1. Which pairs turn up if I take residues in the range 86-108 that are under 17 Å from residue 136 (Cβ atoms) and open to solvent by less than 70 Å² (accessible area, probe 1.4 Å) and look for partners that are modelled with pLDDT of 90 or more and part of a helix (DSSP H, G or I) with beta carbon separation below 6 Å, at least 6 apart in sequence or on another chain?
2. If you go through the range 1-25, how many residues are modelled with pLDDT of 70 or more and open to solvent by less than 100 Å² (accessible area, probe 1.4 Å)?
3. Given the conditions (1) modelled with pLDDT under 85; (2) within 29 Å of residue 62 (Cα to Cα), which single one is not true for residue 112?
4. Specify the residue that is nearest to residue 77 (Cα to Cα); the eligible residues are those in the range 121-163 that are open to solvent by 60 Å² or more (accessible area, probe 1.4 Å) and charged (D, E, K, R).
5. Name the residue that is nearest to the chain's Cα centre (by Cα), counting only residues in the range 122-170 that are under 28 Å from residue 29 (Cβ atoms) and basic (Lys, Arg).
Amino acid sequence: MGGKEPVETAAEQELACWGLWRRLKNEFPAWSFVPSWFYSPGAYGYLGVDFLSGFRRNGSTRRAFALLEGIDDKTFDAVAALAGLNARRQEQMLRAVVITYLTVPVSITALVAEIMGDNLGAFVRANTVNCLGLALTLALGPLSYLVSNWRARQIVGVLDLIRIERAARA
């Protein structure tokens with residue numbers, strides 16, 4: 001018949017969805033999270049009741065709309081499913097990291113304080129810079145996972161906006 005076998009079509013569909021996913025996630029880099037607080041319309045939109053209008057005007061949101069313009073519903077749904085799965089996995093990792101960072105250091109500190117008593121306070125006072133450096137370094141782990149989780153949820157939100165506008169046009 002000249003048509004492709006269903007297996008080939010499914011493989012091509014998978015490639016299309018994965019390629020779009022990679023391009024989409026690249027529009028939301030974690031490194032740009034903090035700088036975007038100062039220049040993105042979405043950041044300014046966190047005042048008042050409407051958290052969507054500024055979000056819709058973000059450069060990354062507009063580029064995501066352009067990237068996914070004209071793709072078929074099946075491919076869009078696959079990309080949205082990948083984004084949802086990614087967000088759920090990000091959430092799992094964030095929870096694990098936060099729980100670990102809350103329980104392990106607190107438990108170790110309590111144990112050392114019990115063993116050393118007043119000597120722990122003296123040690124911290126004598127090594128304030130090193131202790132602060134260690135605390136800040138340890139804080140970077142959970143903060144990096146928090147930023148990644150925020151970006152993953154942001155991608156899901158953008159796809160929700162795209163889905164709403166696609167439905168409104170149809």
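The values are calculated or read from the model by the stated rules, or taken from the named source; none is laboratory data. The shown structure was predicted, so the numbers you read here are calculated from the model rather than taken from an experiment. Here Cβ is always computed from backbone atoms with ideal geometry, including for glycine, and neighbour counts include all displayed protein chains. With ligands, DNA and RNA removed, areas are computed over all heavy atoms of the protein, side chains included. Shrake-Rupley method; radii C 1.70, N 1.55, O 1.52, S 1.80 Å.
1. 97/145
2. So the count comes out to 7.
3. Failing condition for residue 112: (2).
4. If we take residues in the range 121-163 being open to solvent by 60 Å² or more (accessible area, probe 1.4 Å) and charged (D, E, K, R), then 163 is nearest to residue 77 (Cα to Cα).
5. So, considering only residues that are under 28 Å from residue 29 (Cβ atoms) and basic (Lys, Arg), the one nearest to the chain's Cα centre (by Cα) is 151.
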